[in-house]
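A short worksheet on the structure shown next.
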Amino acid sequence: MADDLLKEFDPFDIFDAEAARLDRFFSGLDDEGWQRPSRCAGWSVRDVLAHLAGEELYNHACLDGNVQDLLARLAREGVNGFHDFNEWSVRQRRPMPVAAVLEEWREQNGDTRRRMRELGADHLIDTMAGPYPVGLQTFHYDSEYATHADDVGAPVSEAEIEGRTLWRVEVGRFVLAEQGADVQVEQTADSIWVYADGVSATLSYPEFAEATVGRLPAGHGLDPRLAERLRCLA
């Protein structure tokens, strides 16, 4: 089964660790640091924080069982789809003091993490895709947080790198299988072989993880057909 890929990892511990990484990083920023461009096109570091704070509206709707009510409310405001929601979340918070946005995110995300852990991995919650296990939803959040931590340059210690890369690889493989992605993926002891549309490539673990979230650097050289097939988490 696809979720066997994730059985060695605790999604709640990972979520706590990635949230703590972001909190430490955000807490040490000055005005210049907040305005620095992130790896997300068009977004500053401050905008990434605003995006994370805005996402909690959806996260809480999942936990409260009212995702469709939220979507209807957003549609009335002209917000349709995740891209519109992300941009709307950032715009809503640009006039706010950054300290207020940071506190909003801390409080709301802390509540999300606590409630998800209390529910347990097998409990089903409401999502845009319908009822979904809390543990698997948390792995999606884990990937989101790790990706944005890298987007803003939050430090990762040498001791964390290997384990962090391993769970990100397995989450990527799981989501590709879950989505029925038209790409063949084979993992070896130190690399990932991928194949689609008559084209193959061998990626390192970090490259594969970056490919699944659409963060391979410009000029990487991966065939665009493979890059499109592998992007499944962002």
### Task
Keeping all protein chains in place, calculate the accessible area per residue for the chain (probe 1.4 angstrom), answer in Å².
49 Å²
### Task
Grab the Cα-Cα distance for Q187 and T202, subtract it from 0.36 nm times how many residues apart they are, and report the gain in nm with one decimal.
4.4 nm
### Query
Treating the beta-carbon of each Lys and Arg as +1 and of each Asp and Glu as -1, no other charges, what is the dipole magnitude of the chain about its Cα centre, to the nearest 20 debye?
560 debye
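For a test of the definition: using alpha carbon positions, the gyration tensor, and the 1.5 limit on a/c, classify region 167-217 as rounded, prolate or oblate.
Rounded shape, in that the Cα axes give a/c under 1.5.
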### MRE, 222 nm, helices only [DSSP H, n ≥ 4, -39500 (n - 2.57), over the chain, to nearest 500]
-19500 deg cm²/dmol
### Query
Where does the charge balance sit around N80 when Lys and Arg score +1, Asp and Glu -1, over other residues with C-beta under 14 Å from its C-beta?
-1
### Task
State, to one decimal in nm, how far the label point of D111 lies from the label point of A72, with both points 7 Å from Cα in the Cβ direction.
2.2 nm
#### Entry: With every protein chain in place, the chain: carbon and sulfur % of accessible area (1.4 Å)
51 percent
### Query
Lys/Arg Cβ at +1, Asp/Glu Cβ at -1, dipole of region 109-234 taken about the Cα centre: which of Q179, A218, N109 is farthest positive-ward?
N109
### Task
Compute log10 of I(q)/I(0) for region 123-169 with the Debye formula, placing one identical point scatterer on every Cα and leaving out solvent, at q = 0.18, 0.24, 0.33 Å⁻¹, to two decimals.
-0.65, -0.88, -1.19
### Query
Along the charge dipole of the chain, which of A53, I161, L124 sits closest to the positive end, that is, farthest toward it, with unit charges on the beta carbon of Lys, Arg, Asp and Glu (+1, +1, -1, -1)?
A53
### Task
Please tell me the relative contact order of the chain in percent, rounded to the nearest whole number, where contacts are Cα pairs under 8 Å and at least six residues apart.
22 percent
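The values are calculated or read from the model by the stated rules, or taken from the named source; none is laboratory data. Remember, predicted model here, so these are calculated numbers, not experimental data. No Cβ is skipped: glycine too gets one built from the backbone with ideal geometry, and neighbour counts run over all protein chains shown. Surface areas here come from the heavy atoms of the whole protein model, side chains and all, with no ligands, DNA or RNA. Shrake-Rupley method; radii C 1.70, N 1.55, O 1.52, S 1.80 Å.
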